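Below is one structure, written out as structure tokens; comments come after it.
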Amino acid sequence: MFPLIIHNFAAMKRAIVIGASSGLGREVALLLKERGWTVGVAARRLERLADFETAMQIDVTAADAGQRLTTLIERLGGMDLYFHASGIGKQNRKLEEDIELRTVETNALGFTRMVGTAYRYMAAHGGGRIAVISSIAGTKGLGPAPSYSATKAMQNTYIEALEQQARDRRLNISFTDLRPGFVDTDLLNDGNRYPMLLDKRKVALDMVRSMEKGRHVRVIDGRWRLLTWLWRHIPRWLWRRLRL
């Protein structure tokens, strides 16, 4: 028999949020704090974390980022929830090399480093929940943002793989893959126009509720769920001819 996978979110009280200096990471960290959680936060910009007692500067692309996460967990007294909000994205229609490589370094290598550290900690300490903000951009390869859509697809697949592995290893670890559409945050403050922009506070609340309900995958919101469903059903020969 497999052990019971954790779904009693209300009983979990210690959370680590990586990427909490702005945007959705900050909003989720504040919501958890309002709900009585003990929250440890981290980001590259430590000065933006003054609202939290337990904070640390962590750059997910640095070689010591995993070790620093472990230190943050120790300072918090343990970890029941790991929430990964760290990520970058930028349209790159001319395929500038530095944009592509920085995106891969953060969204693929940094993501793998941090989620892997959290997974190994939970495997050794009785379990927990890992939740990540990926994106609807992982649904299909998006010409305007090649490395961003590719790394988001990688994140979707990686969490799916860990979910299977955790069950096979009988680990008490559960997962939530959160895939919002375009959200009105600094990430999209690049001079481009984005359709169906979502309010970050409402999206963060949806994310917390999705974790509370033990959802495995959550596309936010209803309009984006419909659109991504349509994307999945567009034949490849037609998709590559679309102008985005």
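Can you tell me the length gained on complete extension of the stretch Glu105 to Arg225, counting 0.36 nm per residue apart and subtracting the Cα distance?
Additional length available on full extension: 40.4 nm.
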Query raised in the report: Around Phe175, which amide H atoms from residues at least 5 apart in sequence, or from another chain, sit under 5 Å from its own amide H, with H modelled in the peptide plane?
Result: Ile130
Requested in this report: Determine ³J(HN,Hα), in whole Hz, for all residues of segment 232-244 in sequence, where each value follows from phi through the Karplus function 6.51 cos²θ - 1.76 cosθ + 1.60 and θ = phi - 60°; x replaces Gly and Pro.
Outcome: 4, 9, 7, x, 4, 5, 7, 4, 5, 9, 6, 9, 9
Report summary line: Under 5 Å from the placed amide H of Val219, counting only residues 5+ away or on other chains, we find Arg179
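Using Cα pairs closer than 8 Å and at least 6 residues apart in sequence, work out the relative contact order for segment 104-225, in percent.
26 percent
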Query raised in the report: About its Cα centre, how strong a charge dipole does segment 1-151 have in debye, to the nearest 20, once Lys and Arg get +1 and Asp and Glu get -1 at the Cβ?
Result: 260 debye
Requested in this report: Please state the charge dipole magnitude for segment 71-193, taken about the Cα centre, from unit charges on C-beta atoms (+1 on K and R, -1 on D and E), reported in debye and rounded to the nearest 20.
Outcome: 260 debye
**Report entry** Paramagnetic label zone (point 7 Å from Cα along Cα-to-C-beta, Ala62; backbone N under 14 Å) in segment 70-100
**Finding:** 70-72
Query - Estimated vicinal HN-Hα couplings, Hz - segment 221-229 in sequence order (Karplus 6.51, -1.76, 1.60; Gly, Pro = x) - result: 10, x, 5, 6, 5, 5, 5, 5, 4
Requested in this report: Considering the options Gly214, Ser147, His233, tell which one lies farthest towards the positive end of the dipole of the chain, charges being +1 on Lys and Arg and -1 on Asp and Glu at the Cβ, about the Cα centre.
Outcome: His233
Query raised in the report: Can you give the extra length, in nm with one decimal, that the chain gains between Asp184 and Ser22 once fully stretched, where that is 0.36 nm per residue apart less the Cα-Cα distance?
Result: 57.2 nm
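In whole percent, what relative contact order does the chain give with Cα contacts below 8 Å and a gap of six or more residues?
21 percent
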Report task. Quickly work out the Ala124-to-Asp98 label distance, labels modelled 7 Å from Cα along the C-beta direction, and quote it in nm with one decimal. Result -> 3.8 nm
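Since every read-out is calculated from the coordinates, none of them should be taken as a lab result. Note that the structure is a prediction, hence the values are computed from the model and not measured. For neighbour counting, all protein chains shown are included, and Cβ atoms are generated from backbone atoms with ideal geometry for every residue, glycine included.
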